[in-house]
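Let me begin by presenting the structure, written as structure tokens, before commenting on it.
The values are calculated or read from the model by the stated rules, or taken from the named source; none is laboratory data. Small disclaimer: the values here were computed from a predicted structure and weren't measured. Here the Cβ positions follow ideal geometry from the backbone for every residue, glycine too, while neighbour counts run over all protein chains shown. Please note that ligands, DNA and RNA were not included when accessible areas were found on the heavy atoms of the full protein model with its side chains. Shrake-Rupley method; radii C 1.70, N 1.55, O 1.52, S 1.80 Å.
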Amino acid sequence: MLTAPNVVSCIRFLLLPGLLGLAWFGRDRLFLLVLTLSLLTDLLDGQLARWLNQRTELGAKLDSWADLATWLALPLCGWWLRPEALRQEALWLTGGVGFFLASVGFGFLKYRRLISYHTWGAKILVGVMGVAVWAFFAGAPGWIFRGVMPLVGLSAIEEMLITAVLPAWQSNVPSFWHALKYRRQSSAANRP
């Protein structure tokens, strides 16, 4: 349980109060430094798990919960640090957060737990979103999110489709195509 990737995921949890506190007190430069560390830990935990052959269900859950907590805290941090820029992009951001929550909520409804698919699309999205969020908090205009939010929608739709077709909860499902394959395998295994 105490593997390097899990420790890195836990570090992201520990950075969260720092992010919130620094944003609350308007310490934008220090906030950007802690945000950078948080984004790097998000990249590092999965890489370590693969490199060290330490991919576990617990690790997938820790990573997913750390992602959820961090990504839900960032709009609040943005409100405290750059409220005017956030207000101008409220429609786009609300749409993105809505898609994200719909995907998470659908998974909770079906499986009674957080989905932990870590799809290829979600990995690309995290990279693009990480750059956009970092740039936003570094002073870039808020419209940077307009190009990212459609990706949030596509990723959420893929995750909802995966949830719809998988008969049981499963972590680390790379794509909808893989989910269909897993479903066929599960159906074949359950036939008499």
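On the protein heavy atoms, probe 1.4 angstrom, tell me the percent of accessible surface of the stretch 109-192 carried by carbon and sulfur.
Its accessible area is 66 percent carbon and sulfur atoms.
Checking a compactness column here: for the chain, what do you get for Rg(Cα) / (2.2 N^0.38 Å), N being the number of residues?
The value comes to 1.07.
For LEU44, what accessible area in Å² do you get when you roll a 1.4 Å probe over the heavy atoms of the protein chains, rounding to the nearest 10?
Rounded to the nearest 10, the figure is 70 Å².
Based on the Cα atoms of the stretch 49-107, what semi-axes does the equivalent ellipsoid have, where each is the square root of 5 times one gyration tensor eigenvalue, given in whole Å with the largest first?
30, 14, 8
Please give the per residue accessible area of the stretch 57-192, computed with a probe of 1.4 Å over protein heavy atoms only, in Å².
With the other protein chains kept in place, the stretch 57-192 gives 52 Å² per residue.
In straight Cα distance, which lysines are under 22 Å from LYS110, not counting same-chain residues fewer than 8 positions off?
The qualifying lysines are LYS61, LYS181.
Taking 25 Å as R0, compute the FRET efficiency from the Cβ-Cβ separation of THR56 and TYR111 and round it to 0.05.
That pair, THR56 with TYR111, gives E of 0.90.
For ARG191 and TRP65, what is the calculated FRET efficiency with R₀ set at 35 Å and r taken between the beta-carbons, to the nearest 0.05?
Plugging the Cβ-Cβ distance into 1/(1 + (r/R0)^6) gives 0.45.
So how far apart, in nm, are the two label points at ILE124 and LEU16 if each is 7 Å from Cα heading toward Cβ?
So the label points at ILE124 and LEU16 sit 2.8 nm apart.
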